[in-house]
1. Might you check whether a residue that is outside any helix (DSSP H, G or I), closer than 30 Å to ARG211 by Cβ and modelled with pLDDT of 80 or more occurs anywhere in segment 174-185?
2. Might you let me know whether segment 328-351 holds any residue that is over 41 Å from the mean Cα position of the chain (by Cα), closer than 28 Å to ASN292 by Cβ, modelled with pLDDT of 90 or more and not hydrophobic (A, V, I, L, M, F, W, C)?
3. Which pairs have Cβ atoms under 7 Å, sit 6 or more apart or on different chains, and link a residue in segment 289-311 that is free of Cβ contacts under 8 Å to residues at least 40 places away in the same chain to one that is among the hydrophobic types (A, V, I, L, M, F, W, C)?
4. Residue by residue through segment 250-263, note down the ones that are surrounded by 16 or more Cβ atoms within 10 Å (Cβ to Cβ) and of a type outside the set (Phe, Trp, Tyr).
5. In this structure, does ARG123 turn out to be modelled with pLDDT under 75 and either open to solvent by 50 Å² or more (accessible area, probe 1.4 Å) or not in a helix (DSSP H, G or I) (or both)?
6. For residues that are open to solvent by 70 Å² or more (accessible area, probe 1.4 Å) and part of a helix (DSSP H, G or I), scanning just segment 224-243, find the one that is farthest from GLN180 (Cα to Cα).
7. Does any residue in segment 253-276 that is farther than 18 Å from GLU184 by Cβ and in contact (Cβ under 8 Å) with a residue 60 or more places away in the chain come within less than 8 Å, Cβ to Cβ, of a residue that is among the acidic types (Asp, Glu) and outside any helix (DSSP H, G or I) six or more places away or on a different chain, and which pairs are these?
8. Hey, can you tell me all the residues within segment 158-188 that are polar (S, T, N, Q) and without any contact (Cβ under 8 Å) to a residue 60 or more places away in the chain?
Amino acid sequence: MALQKRRDRIKELSVKRREALDRARLLGLFHRDIAQEVLVAVGDLGSDYEHGAELLRKLSDFRGHASSLGAGMLPLQSQDCGFDVDSVENLNRRHEETEREASVIWERSKELQQQASVQVRARCVMSERLASRQTDVLAALDSLDAQLTLRKERLQEVHQLQLFRANQRLLLGWSVRRSQELQEKLLPNSRAQALDLLQEHQDLKAELETREDRVASVRDFGLGLVRSGHGSAAEIQKAVEQLEDAQKTLYMSWEDRRTLLGQAKELQEFLVLLEQNDAWISTKEASLALHNLGSSVEEVEDLLRRHAQLEVQLEHLEHLDKVQTLGQQMIQQNHYDSSNISTRIKALATRTAGLVQQSRTHRANLEASLQLQHFLSGSLEVLYCVL
């Protein structure tokens, strides 16, 4: 592929070089003939036939130069109007050179036409042929002028198209890349990271707003070309719509990402609360799992007082309720991790219910232990009395 591009580039440069050489040769021949012409004085015409024949030859050569310049140096095919901004601007510079050459031809033609007109008015033997050749020269000059005008208009139109294309492609590519980046970015693993990403995301919004003016400018430029009847109006209209669609997609991606980051922050806050409550439940479960029922009335009564404090805590589980409420709200708002959240809050509810039941069982055991210790204490007192 790279080798083929180099060959195409060499071929293109070769064609341009040949055109430049042909132009230089034609212009040189034309200037040589003009130099010879000015040596012929209008008042010194010589014999009718000889001067008429000389003027006829010069008019023929002149018409040939003008026709060659028009046909050989101003091809009007669309593929000859450049493929990007730089190539079109290069063709514009070449066209300006051609216009300068054409201007020289017009000025020199006036002198030659004056000489021919004198011969025609003198009704020399070559008058009819000179008059006919004058007509041919004027036709060639008109054709050249028309081709120059058409070529200039075409180059201007293509230059506008390439300017629009270059800016549209740049903005379109940027918008598409940004949309893809937003869709591929990872989610945060902590609340602090979520806050950092939210701030970074807000900074991106400022960048999008900064580019809005440029996008609007390119869009308006394109639509202006469409309204003016540009030859590529259909292509331009499609490109404008592509740019607008890419902008809409980009803003939708930005909004989706903001929603995800907000949900990610809520999830991290939920997980922190969940971990805190899981740790609290684990501590209480471990305490109840010791099955310490006391070995005396005083010890059992002390254990019952402590257990009463746990029971008060279990009756006021605001911290557990907060986790449950937050989880339910996230699910109702269609959180992206709703399934996991639902599983976690159900597990928390199950553990909480288990802890309450474990607490009730432990109280029953402590009360039974207290009765036992009272019985044992009474039995010992009776035994001491008997002894």
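1. Yes, some residue in segment 174-185 is outside any helix (DSSP H, G or I), closer than 30 Å to ARG211 by Cβ and modelled with pLDDT of 80 or more.
2. Yes, segment 328-351 contains at least one residue that is over 41 Å from the mean Cα position of the chain (by Cα), closer than 28 Å to ASN292 by Cβ, modelled with pLDDT of 90 or more and not hydrophobic (A, V, I, L, M, F, W, C).
3. ASN292/LEU303
4. From segment 250-263, those surrounded by 16 or more Cβ atoms within 10 Å (Cβ to Cβ) are 250, 253-254, 257-258, 260-261, 263; that's our starting set.
The answer is LEU250, SER253, ARG257, ARG258, LEU260, LEU261, GLN263.
5. Details: modelled with pLDDT under 75: yes; either open to solvent by 50 Å² or more (accessible area, probe 1.4 Å) or not in a helix (DSSP H, G or I) (or both): yes.
Criteria met by ARG123.
6. Residues of segment 224-243 open to solvent by 70 Å² or more (accessible area, probe 1.4 Å): 227-228, 234-235, 238, 241-242.
Narrowing further to those that are part of a helix (DSSP H, G or I): 227, 234-235, 238, 241-242.
Values: ARG227: 33, ALA234: 28, GLU235: 25, LYS238: 22, GLU241: 19, GLN242: 16 Å.
Out of the qualifying residues, it is ARG227.
7. LEU267/ASP337
8. Restricting attention to segment 158-188, the residues satisfying the condition of being polar (S, T, N, Q) are 160, 162, 167-168, 175, 179-180, 183.
Passing the criteria: ASN167, GLN180.
The values are calculated or read from the model by the stated rules, or taken from the named source; none is laboratory data. What you see is a predicted model, and the numbers here were worked out from it, not measured in a lab. So basically every Cβ, Gly included, is an ideal-geometry build from the backbone, and we count neighbours across all protein chains shown. Accessible surface areas use protein heavy atoms only, side chains included; no ligands, DNA or RNA. Shrake-Rupley method; radii C 1.70, N 1.55, O 1.52, S 1.80 Å.
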